[in-house]
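Here is the structure we will look at, set down as structure tokens.
The values are calculated or read from the model by the stated rules, or taken from the named source; none is laboratory data. In this text the structure is predicted, and so the values were computed from the model without any measurement. As a convention, Cβ positions derive from the backbone with ideal geometry for all residues, glycine included, and neighbour counts pool all protein chains shown. For accessibility, only protein heavy atoms count, side chains too; no ligands or nucleic acids. Shrake-Rupley method; radii C 1.70, N 1.55, O 1.52, S 1.80 Å.
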Amino acid sequence: MATRSPQLIDALRSTANRLEGGDRYEWGHMGRCNCGHLVQTITNMSSYEIVKAVDFAMDEWTEHAKDYCAGTGSKVDDIFLALHDAGFTHEDVMHLEYLSDKRVLNRIQDRPPLRRNNVDDVTLYMRTLAKVLEDA
């Protein structure tokens, strides 16, 4: 579960701002999807550098999170370590990919279900998660 961290809260809001400002978004691209954009913010990596770090394996972030094991020497370790240091766990990665954290969804009411590949829904989710963490 994501922890209340000023760095993470700021990163979520900054990422939402970038996406709302027109940054290129592609749900099927490791560096430009929901998680990829947050990784860009936290690590200052470009979308290309992210894809290169996962050896151009264009799996879903959920697959990398399920397979994640610290200390393997894999380039993706550094990404997950940076996320962890910011307060974001590999389980949170899976929730962000699918916009599925119940704490966030419980705060978003009176609207259709969130679509994981819709940039407006992604930014709403990120802003709501930041607020959930801030209120914790």
Could you give me the residue pairs with C-beta distances under 6 Å whose first residue belongs to segment 117-134 and is more than 21 Å from Thr89 (Cα to Cα), whose second residue is buried (at least 18 other Cβ atoms within 10 Å of the Cβ) and among the aromatic types (Phe, Trp, Tyr) wherever it lies, and which are 6+ apart or on separate chains?
-> Val119/Tyr25
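Yes or no, residue by residue, for (1) of a type in the set (Phe, Trp, Tyr); (2) more than 12 Å from the chain's Cα centre (by Cα); (3) open to solvent by less than 10 Å² (accessible area, probe 1.4 Å):
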{"site": "Arg13", "(1), (2), (3)": "no, no, no"}
{"site": "Arg18", "(1), (2), (3)": "no, yes, no"}
{"site": "Met30", "(1), (2), (3)": "no, no, yes"}
{"site": "Cys33", "(1), (2), (3)": "no, no, yes"}
{"site": "Gly36", "(1), (2), (3)": "no, no, yes"}
{"site": "Asn44", "(1), (2), (3)": "no, yes, no"}
{"site": "Ser47", "(1), (2), (3)": "no, yes, no"}
{"site": "Ile50", "(1), (2), (3)": "no, yes, yes"}
{"site": "Asp55", "(1), (2), (3)": "no, yes, no"}
Looking at Lys102, is it open to solvent by 10 Å² or more (accessible area, probe 1.4 Å), under 28 Å from Ala136 (Cα atoms) and at pLDDT 90 or above?
-> yes
Could you tell me which residue of segment 52-99 is farthest from Leu129 (Cα to Cα), considering only residues that are at pLDDT 90 or above and small (Gly, Ala, Ser)?
-> Ala82
